[in-house]
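Here is the structure we will look at.
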Amino acid sequence: MKDQIVDGTYYDHRTAPEVVRALEYIRKMGARIRLYYGDVKTGRSWLEGCDVTGTLSRSTGPHKIPILIYNSRSLGGGALLDHCIIGIKGSCRCYRWYYKHANFHTPRLKIVASDMKEYEANVLTNGSIHTRFKTFRAAERYVAKMKGE
């Protein structure tokens with residue numbers, strides 16, 4: 001299958017048209033965003049926390065693909081898994097949703113007391129430890145961020 005090409009940017013052929021429209025709008029506007037990756041059929045988040053916040057740009061070369069850079073003055077960044085995006089939310093000043101999958105949801109997240117003395121809280125997903133935090137407040141902020149709140 002052929003890639004989608006919009007205004008000179010190459011997108012995976014599996015990327016939803018609504019996602020492409022949102023990404024192109026954001027790229028031209030220069031807004032900082034937070035991406036949510038997940039299962040595009042079910043809308044379930046993968047709970048990705050790394051390399052998901054920044055400014056949208058595109059690579060150089062003959063096939064320009066969307067990349068996420070630290071800020072508008074940065075050069076180079078990681079390629080997007082544009083066909084796996086289930087949510088795009090503003091991350092600075094404007095916390096609006098630019099795109100949100102109709103069934104966007106996260107696995108069940110539960111905050112419990114930590115099993116390690118250096119940490120105050122654990123966040124569980126489906127009964128297993130997903131991550132640990134020094135404070136309960138940090139755990140609460142993490143869960144809210146993952147849920148897009």
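Of the conditions (1) buried (at least 18 other Cβ atoms within 10 Å of the Cβ); (2) more than 17 Å from D12 (Cα to Cα), I85 fails just one. Which one is it? It fails just one condition, (2).
One residue stands out among those in region 22-34 that are in contact with a strand residue (DSSP E or B) (Cβ under 8 Å, 6 or more places away or on another chain) and not in a strand (DSSP E or B): the one that is surrounded by the fewest Cβ atoms within 10 Å (Cβ to Cβ), which is G30. Within region 39-48, does at least one residue satisfy the condition of being in the same structural domain as G8 (by TED's automatic domain parsing), closer than 23 Å to L124 by Cα and polar (S, T, N, Q)? The answer is yes, given that some residue of region 39-48 is in the same structural domain as G8 (by TED's automatic domain parsing), closer than 23 Å to L124 by Cα and polar (S, T, N, Q). Scanning region 91-149 for residues that are assigned to a strand (DSSP E or B), of a type in the set (V, I, T), under 21 Å from D39 (Cβ atoms) and in contact with a Leu (Cβ under 8 Å, 6 or more places away or on another chain) yields V123, T125. Every condition in (1) among the aromatic types (F, W, Y); (2) without any contact (Cβ under 8 Å) to a residue 60 or more places away in the chain; (3) under 18 Å from P17 (Cα atoms) is met by Y99 except one, and the failing one is (2). Residue check: L80 meets all listed conditions (1) at pLDDT below 95; (2) under 14 Å from L23 (Cα atoms); (3) crowded, with 17+ Cβ neighbours inside 10 Å; (4) touching a Ser or Thr at 6+ places or on another chain (Cβ under 7 Å) but one, namely (4).
Close Cβ contacts (under 8 Å, 6 or more residues apart or on different chains) running from residues in region 113-139 that are acidic (D, E) to residues that are surrounded by 17 or more Cβ atoms within 10 Å (Cβ to Cβ) comprise D115/N122; E120/S114; E120/F133; E120/A139. Within the set G43, G38, the sole residue that is of a type in the set (G, A, S), within 21 Å of G148 (Cβ to Cβ) and touching a Ser or Thr at 6+ places or on another chain (Cβ under 9 Å) turns out to be G38. Filtering region 89-119 to residues that are surrounded by fewer than 12 Cβ atoms within 10 Å (Cβ to Cβ) and more than 21 Å from the chain's Cα centre (by Cα) leaves A113, D115, M116, K117, E118.
Residues in region 100-118 that are among the hydroxyl-bearing types (S, T, Y) and within 11 Å of F133 (Cα to Cα): S114 alone.
Go through region 11-38 and report how many residues are within 21 Å of Y95 (Cβ to Cβ) and either of a type in the set (D, E) or outside the structural domain of R93 (by TED's automatic domain parsing) (or both). Total satisfying the criteria: 2. The number of residues in region 35-67 being farther than 23 Å from S128 by Cβ, hydrophobic (A, V, I, L, M, F, W, C) and surrounded by fewer than 19 Cβ atoms within 10 Å (Cβ to Cβ) comes to 2. Looking only at region 4-21, which residues are part of a loop (DSSP other than H, G, I, E, B) and either of a type outside the set (D, E) or under 16 Å from I85 (Cα atoms) (or both)? Selection gives G8, D12, H13, R14, T15, A16.
The values are calculated or read from the model by the stated rules, or taken from the named source; none is laboratory data. Since the structure is predicted, the reported quantities are computational estimates derived from the model, not experimental observations. Because the Cβ atoms are built from the backbone with ideal geometry, glycine has one as well, and the counts that use them run over all protein chains shown.
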